[in-house]
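Enquirer: Below is one structure. I have some questions about it.
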Amino acid sequence: MSDGTPLLEATGLTMHYGAVKACTDLDVQIRGGEILGIIGPNGSGKSTLLKMLAGHLRPTAGSIRLRGSDVTRWKTDRLARAGLVMTSQNQMVFGGVSVREALQIGEACRRDTRNAGLTTAQIVEMLHLGEVLDDTVEELPLGYLRRVGIALAIGVQPDILLLDEPAAGLNDEETESLRELILRLREAGLTVGIVDHDMTLMVALCDRVIVLDVGQILAQGEPHDVIKDPAVIDAYLGSPLSFDAEEAS
Amino acid sequence: MDILIQTVFNGVVASAVYFLIAAGITFVFGLTKLINFAHGQFFVLAMFVAYELTRLGLNFFVAAAAAIVVGALLGYLSERLLFRFTSANPYNGLIVGLGLLLVLEAVALKIWGGFPVRVPASFSGGFGVGSSFFSYNRITVLAIAVALAAVLFRLLKSSRLGQQLQAAHENPVAAAHVGINVGRMVTYAFIVGSGLAGLGGVLLGTLQPMSAFDGHGLIIKGFAVALLGGLGNLSGAMKASVLYGVGETLVASYLIPDFVPIFTYGVIIVVLVFRPGGLFEKGQGSEQTFSRNSIGRIHRQRDLTRGERLTVLLVALACAPMLFELAPDSHAQALLVVAALYAVQVYALSYVYETTGILSIAQAGLMLVGAYTGGVLAMHLGLGFWWALLVAVPVTALFGGALGFIVARCTGHYLLLTTLAFSALLYQVALTAQSLTNGDNGIILAQELPSFGPFGFESLREQFYVIAVAAALAVGGLAILRRTRYGRQLLAIRENESLARSLGLRVGFLKTTIFALSGVVSAVGGVLYLYSQRVIAPASFETALSIEIVIMLVLGGRGLLGPAIGAVVFVVVPELLGLTPIDQQLVFGAGLIAVILLSPDGFVPTFRAGYNRLVRMISRRPAETYNIVDPAPQVAPQKEVV
Ligand SMILES: Nc1ncnc2c1ncn2[C@@H]1O[C@H](COP(=O)(O)OP(=O)(O)O)[C@@H](O)[C@H]1O
Ligand SMILES: [Mg+2]
């Protein structure tokens, strides 16, 4: 991917809900083709950051540039058409239809000019959705709902995909397929920003991680370095988690 | 100057009454997200009761107190008996309210007829200043409303119940956590809101004559005020009622009284387009368009096999001609022509409802545009059928698009009323623009009737078949639409609007286009209406027809056949039973309520579900069929959601 200017660049990004400072003065860059991880304790502002980047929330201050042009005031749908799509932590998917129909709907939302990318059949296979294709979406267990949500987002073939806790509710095997899927998408040129608590997944996946704490950046860099950072261990990880992560890589 | 003072005074007094109705709407809406269509009819019924009591010689204030009780009682009963069951799905509540409106209006018509009555003034006389006259009655009305508003605000602020109500309004979940019985608060909101309507009814009754028909108009006016003030915002409603009352009186005295309804509907539409959250608050009502998307059950029924589908198609194709050929006389045939004309409109509505889940009460308005475009071309330019079609289609599509645009701006639960206002606005324009439309007298077609190859359009038979073909084309279009990329994008909106947005869909644009498409179908139906009935008048396209089209759709249910069956049932059944129009209204109002409460999917899907169950029962192995000990559930549990 072409380096130099970052694909997505946020400067001074701030979100205050009244007295609650969810995010304060964040500078975040996502370079084309990389997988950026965002970690941090609950309530540290990870979801808020992703939502601002994807246009779901209008920041109280700061600016966002996509491919060099200012997109701070763009709405979600416009950003999606420009190639930036986010899956929310708890956004419901298309409820009253079968998984098959939901994926067809997702396909219909795709920008037709796109070429590279996985076919719906491939996505279904990688996300192990084959056995539930004819089930009603809203009656599925949480793990499936998550994966349908991810399938929909991938289905529209974005350039940048922001994932908010995609592995929550998935078992080890499903998490492993998710990891494979993301890596494969990256090979096809996708840029990914991912928030998750599963450190094994994050260390194995991410090129770079940002650690948030109370809405501010505590540390950033290579995952292996970051998880050894005493400040990070102190604020968030604790030793057992980092041990897990070391083992996996 | 004196006239101005008089006008402003009268306007302020009127606004006192509007505040009472808007406060009731806002009160109920705040807790339930429901706009009770029958609210205006509570107003009317309370007024009639007070009227009767004063005729018995009772004091005005006693009668007024009785009216408050009547209003409160109606609110209490409607909440306990009806709206309680729709709380999970306010959309159903809206339709139930519509049914209740029809029922109560029919009841009022049965008891008091359609004639306007006037409640005697609280105090007669008044005093003059210059050439302005201030009647004691108007002053009393104003004083009562102001005093009541003061008490209401005070109680909400400082009484325990008031605080609980406010807490439930602001955050029902949190309120429930701290031990407030939110369900009971809803009941109280209905009682208080409807009690206010009762009082408003009496007061308005002293200012102007009122009839059983006034419920529609009042709910729209009250809604306009509540919307202007921001729904759920009581102090906003107060400011808005003054603005609206004075504005309306100014329009009536300086322009033409006929313009008042246009003013009302205009206010609604302009507010929704430019300030969806009301005048006094920034920000929007709510994120999600309120569409009826909780339809998983029907949707997830077993798909029909190819053989079954073919059978249904053949039966449907055979039924339409059979129905017509078996009709005993020309009267019955004429009815079937009307049913076919309505079916086209119900399909036009289906284009929006099936795909996006948005129910709009404006189809008669679009039909009016189609028919009147043809009528105006014929009357003023002498142009015939094909010209009518050629021009009506794009014109109506434009109007449909405008409606879609407004609906797309209208993020919230008040979408239904907005579409009703749109329909009423078009009706009013057709009535008022006399030089163009010939006003109340309507247009009588002197045009040559078209011919379609060997078919003419002269006999009822020819008309029926041509219209039936148009309806069939509409069905075919709908069936194809569902499978297209565009149709699936619309489905995305129905199933989850915010997700559709985050996947990159232009939601507003899509809504606009599907309403335009619905307009195309309506236009064709409207022109066919003009050329088969040969007379059109604004009264043929009143808001009542828009409501009836919704009833037909709800009765028949979604799906490709539902609308046609709904239309035939709607037109033919009352005739078979020999019902008077008032009884028809009663039956359909009650039917609408019953369908929503008992089988919210309508006839066809319910029938299909029954058929599926039958198939499953027959095809089950004997061992299971005769297993009496363990009554295995025949229907999969529906609400087992994580
Ligand atoms: N709509 C909201 N209103 C008020 N506070 C909010 C809102 N959304 C999030 N917050 C607060 O902002 C902070 C960050 O939340 P979030 O971004 O969801 O954290 P994370 O995803 O890292 O767990 C939390 O303290 C949360 O309580
Ligand atoms: Mg989060």
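The values are calculated or read from the model by the stated rules, or taken from the named source; none is laboratory data. Only a predicted model underlies this, so the values are computations on that prediction, with no experimental measurement involved. Cβ coordinates were reconstructed from backbone atoms using ideal geometry, including for glycine residues, and neighbour counts include every protein chain displayed. Only protein heavy atoms, including side chains, enter the accessible area calculation; ligands, DNA and RNA are left aside. Shrake-Rupley method; radii C 1.70, N 1.55, O 1.52, S 1.80 Å.
Enquirer: Which lysines have a Cα lying under 23 Å from the Cα of A:K228, excluding residues fewer than 8 positions away in the same chain?
Expert: A:K46
Enquirer: Which far-off residues, 5 or more places away or on another chain, put their amide H under 5 Å from the one on A:A61, with H placed in the peptide plane?
Expert: Distant-sequence amide H within range of A:A61: A:T14.
Enquirer: Using θ = phi - 60° and the Karplus curve 6.51 cos²θ - 1.76 cosθ + 1.60, what whole-Hz ³J(HN,Hα) does each residue of region B:94-106 get, with Gly and Pro shown as x?
Expert: 4, 6, 4, x, 4, x, 5, 4, 4, 5, 5, 5, 5
Enquirer: So if R0 is 45 Å, what FRET efficiency would A:R58 and B:H331 give, r being the distance between their Cβ atoms, rounded to the nearest 0.05? Can you show the working numbers first?
Expert: Values: r = 63 Å, r/R0 = 1.39.
Here the calculated transfer efficiency is 0.10.
Enquirer: Compute the FRET efficiency between B:F259 and B:R306 as 1/(1 + (r/R0)^6), taking r as their Cβ-Cβ distance and R0 = 41 Å, and round to the nearest 0.05. Mind dumping the intermediate values first?
Expert: Values: r = 57 Å, r/R0 = 1.40.
It comes out at approximately 0.10.
Enquirer: When the helix-only estimate is applied to the protein assembly as shown (DSSP H runs of n ≥ 4, each -39,500 (n - 2.57), divided by the residue count), what is the mean residue ellipticity at 222 nm, nearest 500 deg cm²/dmol?
Expert: Numbers: 36 runs with 549 residues, N = 891.
Dividing the helical sum by the residues of the protein assembly as shown leaves -20000 deg cm²/dmol.
Enquirer: Among the lysines, which fall within straight-line cross-link reach of B:K239, defined as a Cα-Cα distance under 29 Å, with same-chain neighbours fewer than 8 residues apart omitted?
Expert: Within reach: B:K33, B:K157, B:K221, B:K282.
Enquirer: Counting Lys +1, Arg +1, Asp -1, Glu -1, what net charge surrounds B:Q208 among other residues with beta carbon under 15 Å of its beta carbon? Mind showing how you got there, number by number?
Expert: Values: positive: B:R118, B:R138, B:K221; negative: B:D214, B:E248.
Its environment carries a net charge of +1.
Enquirer: To the nearest 10 degrees, how steep is helix B:460-483 against the longest Cα principal axis of chain B, on a 0 to 90 scale?
Expert: Here the helix axis deviates by roughly 90 degrees.
Enquirer: Right, next: Taking a label point 7 Å from the Cα of A:T5 along the Cα→Cβ vector, which residues of region A:48-62 have an amide N closer than 20 Å to it?
Expert: Under cut-off, by backbone N: A:53-55, A:62.
Enquirer: So, one more: In whole Hz, with x marking every Gly and Pro, tabulate ³J(HN,Hα) for region B:19-35 from phi via Karplus 6.51 cos²θ - 1.76 cosθ + 1.60, θ = phi - 60°.
Expert: Karplus values, whole Hz, x for Gly and Pro: 4, 4, 6, 5, 4, x, 4, 5, 4, 5, 4, x, 8, 10, 6, 10, 10.
Enquirer: Which residues' amide hydrogens lie under 5 Å from the amide hydrogen of A:L212, considering only partners 5 or more residues apart or on another chain, with H built in the peptide plane?
Expert: Under 5 Å from the amide H of A:L212: A:I39, A:G40, A:L218.
Enquirer: Hey, how many Å between the Cα centroid of region B:416-466 and the Cα centroid of region B:512-568?
Expert: Computed from Cα coordinates, the inter-centre distance equals 12 Å.
Enquirer: Nothing charged except the Cβ atoms of Lys and Arg (+1) and of Asp and Glu (-1): what's the magnitude of the dipole of the protein assembly as shown about its Cα centre? Round to the nearest 20 debye. All intermediate terms of the calculation are to be shown ahead of the outcome.
Expert: Numbers: 61 positive and 65 negative charges, 367 e Å.
Dipole magnitude for the protein assembly as shown comes out near 1760 debye.
Enquirer: So how exposed is A:E131, as accessible area in Å² (1.4 Å probe, rounded to 10)?
Expert: We get 120 Å² for A:E131.
Enquirer: Taking the Cα-to-Cβ direction at B:I444 and at A:R100 and moving 7 Å from each Cα, how far apart do the two end points lie in nm?
Expert: It is 5.9 nm.
Enquirer: Contour minus end-to-end for B:L77 and B:L473, with contour as 0.36 nm per residue of separation and end-to-end as the Cα-Cα distance?
Expert: Result: 138.1 nm gained on full extension.
Enquirer: Then there's this: Which ³J(HN,Hα) values, rounded to whole Hz and listed in residue order, are derived for region B:43-52 from phi using the Karplus coefficients 6.51, -1.76 and 1.60 in 6.51 cos²θ - 1.76 cosθ + 1.60 with θ = phi - 60°, glycine and proline given as x?
Expert: Using θ = phi - 60°, the values come out as 3, 5, 5, 4, 4, 5, 4, 4, 4, 4 Hz.
Enquirer: Follow-up question, since we're still on this one. Can you compute the FRET efficiency between B:N89 and B:S131 using 1/(1 + (r/R0)^6), with r the Cβ-Cβ distance and R0 = 45 Å? Round to the nearest 0.05.
Expert: On the way: r = 55 Å, r/R0 = 1.23.
For B:N89 and B:S131, the calculated efficiency is 0.25.
Enquirer: Rounded, prolate or oblate for chain B? Axes are the square roots of the Cα gyration tensor eigenvalues, ordered a ≥ b ≥ c, and the cut-off for rounded is a/c under 1.5. Walk me through the numbers before you get to the answer.
Expert: Numbers: a/c = 1.80, a/b = 1.30, b/c = 1.39.
The shape class here is oblate.
Enquirer: A further question follows. Distance from the Cα centre of region B:168-195 to that of region A:185-201, in angstrom?
Expert: When both Cα centres are located, 45 Å separates them.
Enquirer: May I ask you to list the residues of region B:1-41 whose amide nitrogen lies under 18 Å from a point 7 Å from Cα along the Cα→beta-carbon direction of B:A150?
Expert: Flagged as within label range: B:13, B:16-17, B:19-20.
Enquirer: Quick one: work out the % antiparallel among DSSP beta bridges in the protein assembly as shown, nearest 5.
Expert: Values: 28 of 45 bridges.
Antiparallel bridges: around 60 percent, rounded to the nearest 5.
Enquirer: In chain B, once you exclude exposed trypsin sites (Lys or Arg not before Pro) (DSSP loop, at most 15 other Cβ within 10 angstrom), what's the longest stretch remaining? Let's see the in-between values first.
Expert: Numbers: sites that count: B:R118, B:K282, B:R302, B:R534, B:R620, B:K639.
So the longest stretch without any such site is B:303-533.
Enquirer: Rounded, prolate or oblate: which fits region B:472-616, taking a ≥ b ≥ c as square roots of the Cα gyration tensor eigenvalues, rounded meaning a/c under 1.5, else prolate when a/b beats b/c? Working shown, then result.
Expert: Values: a/c = 1.94, a/b = 1.27, b/c = 1.53.
It is oblate, given that a/c is not under 1.5 and a/b is not larger than b/c.
Enquirer: Same structure, new question: May I ask for the distance between the Cα centers of region A:101-162 and region B:196-266, given as a whole number of Å?
Expert: Taking the Cα centre of region B:196-266 as reference, the centre of region A:101-162 is 50 Å away.
Enquirer: Here's another thing I want to ask about it. Between B:L250 and A:T119, with labels modelled 7 Å along Cα→Cβ, what's the label distance in nm to one decimal, could you check?
Expert: 6.6 nm
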